[in-house]
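Student: Quick one: this structure, given as C-alpha cells, is what I'll be asking you about.
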Amino acid sequence: GAVVSQHPSRVICKSGTSVKIECRSLDFQATTMFWYRQFPKQSLMLMATSNEGSKATYEQGVEKDKFLINHASLTLSTLTVTSAHPEDSSFYICSAARTAINTGELFFGEGSRLTVL
Amino acid sequence: GQQVMQIPQYQHVQEGEDFTTYCNSSTTLSNIQWYKQRPGGHPVFLIQLVKSGEVKKQKRLTFQFGEAKKNSSLHITATQTTDVGTYFCAGQGGRRALTFGSGTRLQVQP
C-alpha cells in the first residue's frame, strides 16, 4: 500500500515554543492531506484539510492561527503548533488519499505525539 | 454536522468468541470505511463499503453496510489475540474528509 511518513514521531517542548510536524506521501502525489488530532483512548478528530497550493480548510473550533498548515508541494504538508501550551499535548496524525476523486482509502502517517511541558 | 457513533465503546472477549461493533451515522453516507488501530499505532485501512446493503468478508471479518446507508457493522468470528485493537468506522457524506466514529476497543483474553 501507499506510504505516508510523519516526522517527528515524538516531540517534547516547553510551553510557548512552536513545533512543526511534517507529513510526506512517499510514493504518490497527494493534492489533499488531512490533519487529525487524537486524545488518549478517543477517536480521531479532523482538524483541517490541507490543499496543495491553497489555504487549508479548518474545522469549526480549530484555531487557524494556532495550527498553521502549509501544503507546499504534492508530497508534503506541515502542521505548526504555534505558542504551544500543555493543553495542546496530543497525538497528531496526518493522512492522504491516493485518488483525486471524492471517495477512497486514506493512508495514515505514523502519528506525532506532542508533549508540552 | 455529521456525527458517527459506535457501540460498544469497549469489549473484552475470550479468545475464540465472536465480536461485533456497530456504527451509526446521523446522515446518509456515500461510503463507509473501517480502520483498525493497534495500541500505540496509527489507523490502518481495512475495507470500504459503498453500496446499500453491501456485505464484504475478509477471512474472519464480515462487514455490512445498511440498506439506508446510515449504519454499518463489523463482525469478527472466533477472535484471536492478534485482533486486539480499536476498530473505527469512518463515514463519508459527500465531502472529501472522513468523519470517524468513536471507536470500539477490543481486548482478547488468551
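Student: Can you tell me how many residues within the range B:75-95 are crowded, with 17+ Cβ neighbours inside 10 Å and either under 18 Å from B:T28 (Cα atoms) or of a type outside the set (A, V, I, L, M) (or both)?
Tutor: Within the range B:75-95, residues that are crowded, with 17+ Cβ neighbours inside 10 Å and either under 18 Å from B:T28 (Cα atoms) or of a type outside the set (A, V, I, L, M) (or both) number 11.
Student: Now for a separate question. Could you say whether any residue in the range A:98-108 is in contact with a Leu (Cβ under 8 Å, 6 or more places away or on another chain) and either aromatic (F, W, Y) or within 23 Å of B:T99 (Cα to Cα) (or both)?
Tutor: yes
Student: How many residues does the range A:32-51 hold that are more than 10 Å from chain B (Cβ to nearest Cβ), at pLDDT below 90 and within 17 Å of A:V4 (Cα to Cα)?
Tutor: 1
Student: Given the condition within 30 Å of B:T104 (Cβ to Cβ) and in contact (Cβ under 8 Å) with a residue 60 or more places away in the chain, answer yes or no: does some residue in the range A:39-54 qualify? Before the answer, list the steps.
Tutor: Here is the first cut: in the range A:39-54, the ones within 30 Å of B:T104 (Cβ to Cβ) are A:39-50.
Now narrow it down to the ones that are in contact (Cβ under 8 Å) with a residue 60 or more places away in the chain: none.
Looking through the range A:39-54, none of the residues is within 30 Å of B:T104 (Cβ to Cβ) and in contact (Cβ under 8 Å) with a residue 60 or more places away in the chain.
Student: Tell me which of these B:L106 doesn't satisfy, since it passes every other one: (1) part of a loop (DSSP other than H, G, I, E, B); (2) touching a helix residue (DSSP H, G or I) at 6+ places or on another chain (Cβ under 9 Å).
Tutor: Failing condition for B:L106: (1).
Student: Taking the conditions exactly as written (over 15 Å from A:S43 (Cβ atoms), in a loop (DSSP other than H, G, I, E, B) and within 11 Å of chain A (Cβ to nearest Cβ)), does B:L46 satisfy them or not?
Tutor: Considered against the rule, which asks whether it is over 15 Å from A:S43 (Cβ atoms), in a loop (DSSP other than H, G, I, E, B) and within 11 Å of chain A (Cβ to nearest Cβ), B:L46 comes out as no.
Student: I'd like the full set of residues that are in a strand (DSSP E or B) and more than 10 Å from every other protein chain (Cβ to nearest Cβ), limited to the range B:6-21.
Tutor: Residues satisfying the conditions are B:I7, B:Q11, B:H12, B:V13, B:Q14, B:F19, B:T20, B:T21.
Student: I'd like the full set of residues that are in contact (Cβ under 8 Å) with a residue 24 or more places away in the chain, assigned to a strand (DSSP E or B) and open to solvent by less than 60 Å² (accessible area, probe 1.4 Å), limited to the range B:58-74.
Tutor: Answer for the range B:58-74, where residues must be in contact (Cβ under 8 Å) with a residue 24 or more places away in the chain, assigned to a strand (DSSP E or B) and open to solvent by less than 60 Å² (accessible area, probe 1.4 Å): B:F63, B:F65, B:S72, B:S73, B:L74.
Student: Still on this structure, I have one more. Please determine, by comparing only the residues of the range B:22-43 that are more than 20 Å from A:Q38 (Cα to Cα) and in a loop (DSSP other than H, G, I, E, B), which one is nearest to the other protein chains (Cβ to nearest Cβ).
Tutor: B:S30
Student: So B:I32 clears everything in (1) more than 22 Å from A:F107 (Cα to Cα); (2) of a type outside the set (G, A, S); (3) open to solvent by less than 20 Å² (accessible area, probe 1.4 Å) except one condition, right? Which one?
Tutor: (1)
The values are calculated or read from the model by the stated rules, or taken from the named source; none is laboratory data. Predicted, not measured: the structure shown is a model, and the values here were computed from it. Positions of Cβ are backbone-derived with ideal geometry, glycine not excepted, and every protein chain shown enters the neighbour counts. Surface accessibility is based on the protein's heavy atoms, side chains included, excluding ligands, DNA and RNA. Shrake-Rupley method; radii C 1.70, N 1.55, O 1.52, S 1.80 Å.
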